Amino acid sequence: MPPPHHDLDIVIMTTGYDCVTGSLLDMNIHDKNGVRLRDVWQGGISPYLGLMIPNMPNAFMLYGPQGPTTQTNAPPFIELQVDWVVSLLERMHEDSLQSIEPSEEACRLWKGLVMEAFESTLFRNSTAWWTGANIPDKTIEPLIFLGGVQQWRESCSRSLEDWTDFVVSKAEE
């Protein structure tokens with residue numbers, strides 16, 4: 001007996017939705033030590049403010065992992081991110097810095113805030129795409145910062161008060 005016939009307007013074929021980190025990992029990015037980001041993040045992600053990654057000097061991500069990204073209206077939020085990057089670059093110029101990257105400690109502290117916000121919600125029980133649960137063998141963790149834009153902005157502002165959250169190098173004279 002032949003299978004039943006179905007009239008369809010559209011057929012959508014998908015291969016999985018690896019939101020937030022999938023495209024970054026697929027770009028085959030390597031850190032300054034030659035290690036692939038996919039390998040660095042094998043056991044979980046650790047960006048800084050959703051904008052930077054340790055051991056990747058002068059590299060910035062907009063709308064990156066563990067920022068409040070999908071909890072916002074994208075265009076104005078991206079403007080906030082660009083404003084922060086520009087402020088950081090201006091400060092680097094003023095202080096004659098050649099390179100900057102977040103410290104491992106700053107990333108650890110940011111991840112602590114990400115986890116604290118996540119654990120304070122019912123989202124912690126979810127197996128949704130924004131925890132990576134829909135991808136086999138992916139670490140289940142919050143891919144989005146749920147603490148809100150205000151707390152994110154305050155963290156960004158504090159980070160620019162001095163260079164303690166960063167590993168910096170001076171430009172040669």
In region 134-173, anything surrounded by 14 or more Cβ atoms within 10 Å (Cβ to Cβ) and either of a type in the set (F, W, Y) or at pLDDT below 90 (or both) is listed as N134, I135, F145, W152, W163, F166
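Got a sec? Which of Y48, Y63, Y17 is aromatic (F, W, Y) and over 18 Å from W110 (Cα atoms)? Before you say what the answer is, go through the steps one by one.
Numbers: Y48 fails: over 18 Å from W110 (Cα atoms); Y63 fails: over 18 Å from W110 (Cα atoms).
Criteria check complete, one pass: Y17.
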Exception for I45 within (1) in contact with a helix residue (DSSP H, G or I) (Cβ under 7 Å, 6 or more places away or on another chain); (2) at pLDDT 95 or above falls at (1)
Requested in this report: Within region 77-85, identify whether any single residue is out of contact with any Pro (no Cβ under 9 Å at 6 or more places or on another chain) and of a type in the set (F, W, Y), and answer yes or no.
Outcome: yes
Output for Cβ contacts, cut-off 8 Å, separation at least six or different chains, first residue part of a loop (DSSP other than H, G, I, E, B) in region 23-40, second among the β-branched types (V, I, T), reads D31/V40; D31/I53
Restricting attention to region 141-159, the residues that are over 14 Å from P65 (Cβ atoms) and not acidic (D, E) number exactly 11
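Is it true that A117 is farther than 27 Å from D39 by Cα and hydrophobic (A, V, I, L, M, F, W, C)? Give the derivation first.
Numbers: farther than 27 Å from D39 by Cα: no; hydrophobic (A, V, I, L, M, F, W, C): yes.
It is false that A117 is farther than 27 Å from D39 by Cα and hydrophobic (A, V, I, L, M, F, W, C).
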Selection from region 1-22 of residues at pLDDT 90 or above and surrounded by fewer than 19 Cβ atoms within 10 Å (Cβ to Cβ) yields G22
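Condition first: of a type in the set (G, A, S), in contact (Cβ under 8 Å) with a residue 40 or more places away in the chain and out of contact with any Pro (no Cβ under 8 Å at 6 or more places or on another chain). Now tell me which residues in region 121-168 satisfy that.
Within region 121-168, the first condition is being of a type in the set (G, A, S), and the residues that meet it are 126, 128, 132-133, 147-148, 155, 157, 159.
This time we only want the ones that are in contact (Cβ under 8 Å) with a residue 40 or more places away in the chain, so: 132, 147-148, 155, 159.
Across region 121-168, the qualifying residues are G132, S155, S159.
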Next on the checklist: Suppose the filter is at pLDDT 95 or above, buried (at least 19 other Cβ atoms within 10 Å of the Cβ) and farther than 17 Å from W152 by Cα; does E101 pass it?
Outcome noted: yes
Of the candidates I78, I53, the one satisfying the condition of being under 11 Å from the mean Cα position of the chain (by Cα) and hydrophobic (A, V, I, L, M, F, W, C) is I53
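The values are calculated or read from the model by the stated rules, or taken from the named source; none is laboratory data. All of these numbers come straight from a predicted model, not from anything done at the bench. Using ideal geometry, Cβ is built from the backbone for each residue, glycine included, and neighbour counts are taken over all protein chains shown.
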